[in-house]
Amino acid sequence: MKRNEAYNEFVKGIWRDNPVFVQVLGMCPMLAVTNSAINAIAMGMATFFVLVGSSFLVSSLRQWIPKQVRISCFIIIIATFVTVADYTLLALVPAVHKELGAFIPLIVANCMILGRQEAFASRYPAKLAVMDAIGMAGGFMLALFSLGAIREILGDGALFGVRLFGADFEPWVIMILPPGGFLTLGVILLFFNWFRQKKDEFLDDVAEAQRGSD
Amino acid sequence: MSATTRKNAAAPSSLRLVLTLAVAGLISGVAIIGIYEATLPTITTNKAHELQAAVLKVLPGVSRMQALVFRDGELLANTEPAKDEPVVYGGYDDGGTFVGYAIPGAGPGFQDTIGLLYGYAPDRNLVVGMEILESRETPGLGDKIYKDAEWVAGFEALAVEPEIVAVKKGTSAADNEIDAITGATISAKAVVRIINETHVAWQDRLPPPGAEPELVEAEDAP
């Protein structure tokens, strides 16, 4: 039963409550750094580290944090993890750090992360909080990667810098420019909502059919 | 509402709030100093390596380099540059013979400052190589100033007198003309302008050919 609960917290972030496609949070990095798959993954990993670390600390310290100053405490914890991620990336992969530029420090302001602390980590035990964080960060990374991959393939004719098409392919340059982010995100959100609507309709049909057979 | 939550809801004293934030800030500060100190050596070495790689790239035939600080009308080797003091890099071959200067320049591009390094051979009065160190030019268009191999190769023997001119693609004829990049005209012209301006600024600072500062061995040590 316990394991099941933890599993649920994990899975909801990947799909049902996906932070980007369902909650539509964290749009700033989502649109800004997804012009190539590798940037998207690096951003996803930095966010993953920050979210899981902060959720664990916030959840472990929740008895000691007075609720009047909780938001300031969450931000201090998040900012510390972001600084650690920033310097680590700069030391280990300077090329990626150069590409992501100002968007690493801006993880502090990612509302998805503060949102998870306030809505989940500060109310549940550490184990569940970490599972929730892993799920949410995983879902965020998945969303960043889908956007980054689609935009790089269409806009540059490549994936992870590997050319996919012949020299005749004319890249849709707009896809790696900022408008391409909005276009791709719009189409994906459209698909997600269409899918949910279809699923609801299907469940309604099933319920009706059951009522009819009774 | 359970008993415990009600107890928490009773407002804690201001002192407790201040103390909580002070302790949190203190721990966070220590953690940040720790990671800064831990990563600083790696970051400094990375930057030095990056610079050295760029110098070797823009000056073909060079295997050693040293920083030259321009102070009181002459170029000084083995000197720590003060803030805002102009610096060039001297490139030398295996035997320690002077080959050329790698000169850093910066200026406005299409979106943000473009920082670059170009190799200059004073004996032939030619630019012999160019490398973009930092730029935020538009991905897919302006970033061709460092991704387009043909354009970068155009700087391998380019006369700087009277000045470099970017011309429409495929029409470069004179020694001082370079093909601009289709779709990135502004960025390409910005690069050319930065090199021209930097060249003018350094023209009178560099010693006459043959009188270049010699390689100081101590500087060569890693």
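Every number in this text was worked out from the coordinates using simple rules, so none of it is lab data. Just so it is clear, the model here is predicted, and its values are computed rather than measured. Virtual Cβ from ideal backbone geometry, glycine too; neighbours counted across all protein chains shown.
Of A:PHE48, A:PHE160, A:PHE202, which has the largest mean-square fluctuation in a 10 Å C-alpha GNM of chain A?
A:PHE202
Sorted from fewest to most neighbouring beta carbons within 10 Å, what does the list A:SER122, A:SER54 look like?
A:SER122, A:SER54
When chain B is treated as a GNM, springs tying every alpha-carbon pair under 10 Å, which of B:LYS83, B:LYS144, B:LYS57 comes out with the largest mean-square fluctuation?
The residue that fluctuates most here is B:LYS83.
Could you work out how far apart the two model spin labels at A:SER60 and B:ASP84 are, taking each label as a point 7 Å from the Cα in the direction of the beta carbon, and quote it in nm?
Here the modelled spin labels are 4.7 nm apart.
Could you pull out the pairs from B:LYS83/B:LYS144; A:LYS127/A:LYS199; B:LYS147/B:LYS168; B:LYS57/B:LYS189 whose alpha carbons sit more than 27 Å apart here?
Distance filter (> 27 Å) returns B:LYS83/B:LYS144; A:LYS127/A:LYS199.
What is the set of long-range amide H partners of A:GLY26 at a cut-off below 5 Å, with H atoms built 1.01 Å from backbone N?
A:CYS111, A:MET112
Within straight cross-link reach of A:LYS198, meaning Cα distance under 19 Å, which aspartates and glutamates are found once same-chain residues fewer than 8 apart are removed?
A:ASP17, A:GLU208
Using the Karplus equation 6.51 cos²θ - 1.76 cosθ + 1.60 (θ = phi - 60°), what ³J(HN,Hα) coupling, rounded to whole Hz, does each residue of the range A:158-172 give in order, writing x for Gly and Pro?
Those phi angles translate into 8, 9, 6, x, 8, 5, 9, 10, x, 5, 6, 5, 9, x, 7 Hz.
Given Cβ point charges of +1 (Lys, Arg) and -1 (Asp, Glu) and nothing else, what value in debye, to the nearest 20, does the dipole of the range B:61-101 about its Cα centre take?
80
Assuming a ≥ b ≥ c are the square roots of the Cα gyration tensor eigenvalues, decide whether the range B:65-108 counts as rounded (a/c under 1.5), prolate (otherwise, with a/b larger than b/c) or oblate.
In terms of gyration-tensor shape, oblate.
Enumerate the calculated ³J(HN,Hα) couplings along the range A:81-93 in order (Karplus 6.51 cos²θ - 1.76 cosθ + 1.60, θ = phi - 60°), each rounded to whole Hz, writing x wherever the residue is Gly or Pro.
Going residue by residue, I get 5, 5, 4, 4, 4, 4, 5, 5, 4, 4, 7, 8, 10 Hz, with x marking Gly and Pro.
State log₁₀ I(q)/I(0) for chain B at q = 0.09, 0.15 Å⁻¹ as given by the Debye formula over alpha-carbon point scatterers of equal weight, solvent excluded.
With no solvent term, the Cα-only Debye profile gives -0.49, -1.01.
Does a label point 7 Å from the Cα of A:TRP15, set along Cα-to-beta-carbon, have any residues of the range A:105-148 with amide nitrogen under 19 Å, and which are they?
Under 19 Å, as judged by backbone N against the label point of A:TRP15, lie A:131-147 of the range A:105-148.
Would you pull out the residues with amide H under 5 Å of B:LEU126's amide H, same chain only if 5 or more places away, H placed 1.01 Å from N?
Residues meeting the criterion, in which the H sits 1.01 Å from N, are B:ALA121.
Mean residue ellipticity at 222 nm from the helices of chain A, using -39,500 (n - 2.57) per DSSP H segment of n ≥ 4 over the full residue count, to the nearest 500 deg cm²/dmol?
-23000 deg cm²/dmol
What is the fewest-to-most order of A:GLU99, B:GLU150 by other Cβ atoms lying within 10 Å of their Cβ?
Ranking A:GLU99, B:GLU150 by Cβ neighbours within 10 Å, fewest first, gives B:GLU150, A:GLU99.
Can you tell me how chain A classifies by the Cα gyration tensor, rounded, prolate or oblate, using a/c under 1.5 as the rounded cut?
oblate
Normalised by the residues of chain A, what does the relative contact order come to in percent, with Cα pairs under 8 Å and at least six apart?
34
Distance from the Cα centre of the range B:71-100 to that of the range A:1-39, in angstrom?
The two parts, judged by their Cα centres, are 52 Å apart.
State whether the protein assembly as shown is rounded, prolate or oblate according to the following rule on the C-alpha gyration tensor (a ≥ b ≥ c being the square roots of its eigenvalues): a/c under 1.5 gives rounded; otherwise a/b larger than b/c gives prolate, and the remaining case gives oblate.
Oblate shape, in that a/c is at least 1.5 and b/c is the bigger or equal ratio.
With each pseudo-label sitting 7 Å past Cα toward Cβ, what's the B:GLN111-B:ILE43 distance in nm, one decimal?
2.3
Quick one: Karplus J couplings for the range B:86-91, per residue in order, coefficients 6.51, -1.76, 1.60, θ = phi - 60°, nearest Hz, x for Gly and Pro?
x, 10, 10, 10, x, x
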